[in-house]
Number of protein chains: 2
Amino acid sequence: MEPVDQVLSFIVEIEKLKDIQRKTRPVGLERYENSAEHSWHVCLSALLLKDYANEDINIDRVIKMLLLHDLGEIDAGDTIIYSSETQEVKDKELAGFKRLLDILPKDKTQEYMSLWQEFELGETPDSIYAKSIDRVPPILHNLYDCGRSWKENNISKEKVFNLNSRIANGSKVLWDSLKKKLDKAVENGVLK
Amino acid sequence: MEPVDQVLSFIVEIEKLKDIQRKTRPVGLERYENSAEHSWHVCLSALLLKDYANEDINIDRVIKMLLLHDLGEIDAGDTIIYSSETQEVKDKELAGFKRLLDILPKDKTQEYMSLWQEFELGETPDSIYAKSIDRVPPILHNLYDCGRSWKENNISKEKVFNLNSRIANGSKVLWDSLKKKLDKAVENGVLK
């Protein structure tokens, strides 16, 4: 197969991300979000919020990480963040990502694997910021929908604050804004 | 309102792109594609295919264009490419994009408007390549689904070849590969 045809096969295979259902609904919609449209949303959100990053970041690398970051879910499925950070989930996602990369010409995969692993480790300014942005839409979805996903999944306010306060690692300005909105949700009884 | 809160409002508003229905179905799915997941798909496709661009391109600018390129559809809706290139459609999309930008802090909008207009004009190497990539998924959707959207919308093989041959402006290698697949679809009676 010609290299360009291998890439086109990959482009077809990754369409499966459009069928991976997440745990929150886009604002205003009754259906659950899928991981492909979420990926677009976080890439654009990262671009829009880049000036609020704590450290100097390379937004182009951040966007590439976020374009790729959920591909492992095609084989592993989506797991709510509050229970996704186990070695088992991480291993499944990595295996799924590797299976996909095998479809591509070999000389193209190293860059993608490096970006994927950097995101997963979350230790560099770019990946710390990318991970912060990845947390934003689910919070907004809940805030605009009476905490529906928090309720459906029995997520307490302690869990919400504990897990999401790490947004401040990527952007203090962003976390300050979201924290105010979350405090209001607690006041209103939306988040308990 | 704080600038960061204006950006968060924008991030919520653009979720509406997840509810804009396109005219083809993702490979393997019975439902129509939406413009948000399509946007992710073309951004990643552009990255994957960048080495096949005819000219030197800045892939980071291309990806930014493609992240933004369909936002005008939130107000204007999606129109099949074969009838979308009218001034009326273009005006509606531009008005829709401007309405969205009004939500953002003023100092952030110029970069996005420039990228949008560059894509729309399609005269630079980056935008010519971006427009080529934007054409790829609908072709693949049809090829993998017995030409379903072509049939549903009465699109002849002459129209398909006329409109899509411009992919060669961005990438000759890519068009050569797709043309072979389209020729086979004609041979098989999938494209008439």
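What FRET efficiency do you get for B:Lys181 and A:Glu111 if R0 is 30 Å and r is their Cβ-Cβ distance, rounded to the nearest 0.05? It comes out at approximately 0.65.
In terms of its C-alpha gyration tensor, the protein assembly as shown comes out prolate, because a/c is 1.5 or above and the ratio a/b outweighs b/c. For A:Thr24, the amide hydrogen comes within under 5 Å of the amide hydrogens of A:Glu33, counting only partners 5 or more places away or on other chains and with H modelled in the peptide plane.
For the stretch B:4-63, the Cβ-based charge dipole about the Cα centre amounts to some 300 debye (Lys, Arg positive; Asp, Glu negative; other atoms uncharged). For the set A:Lys23/A:Lys90; B:Lys18/B:Lys64; A:Lys18/A:Lys184; A:Lys16/B:Lys179; A:Lys64/A:Lys151, the pairs lying more than 26 angstrom apart at their alpha carbons are A:Lys18/A:Lys184; A:Lys64/A:Lys151. Each part gets one Cα centre, and for the stretch A:43-58 versus the stretch A:161-192 those centres are 18 Å apart. Couplings 3J(HN,Hα) for the stretch B:61-71, derived from phi with the Karplus relation 6.51 cos²θ - 1.76 cosθ + 1.60 (θ = phi - 60°), are 5, 4, 5, 4, 4, 6, 5, 8, 4, 9, 4 Hz, where x marks Gly and Pro. Applying the criteria of a DSSP loop state and at most 10 other Cβ atoms within 10 Å to the GluC sites (Glu not before Pro) of the stretch B:69-108 yields B:Glu85.
Distances between copies of B:Ser156, taken at a point 7 Å out from Cα along the Cα→Cβ vector and listed shortest first: 6.9 nm.
Would you compute, from DSSP H runs of 4+ residues alone, the mean residue ellipticity of chain B at 222 nm, taking -39500 (n - 2.57) per run and dividing by the full residue count, rounded to the nearest 500?
Values: 12 runs with 118 residues, N = 192.
The helix contribution divided over chain B gives -18000 deg cm²/dmol.
With its label point put 7 Å out from Cα toward Cβ, A:Gln87 sits 6.7 nm from the same residue's point in the other copies, in order from shortest.
Each reported figure results from applying straightforward, stated rules to the coordinates on display, with no laboratory input. Remember, it's a predicted structure, so these values are computed and weren't measured experimentally. Here Cβ is always computed from backbone atoms with ideal geometry, including for glycine, and neighbour counts include all displayed protein chains.
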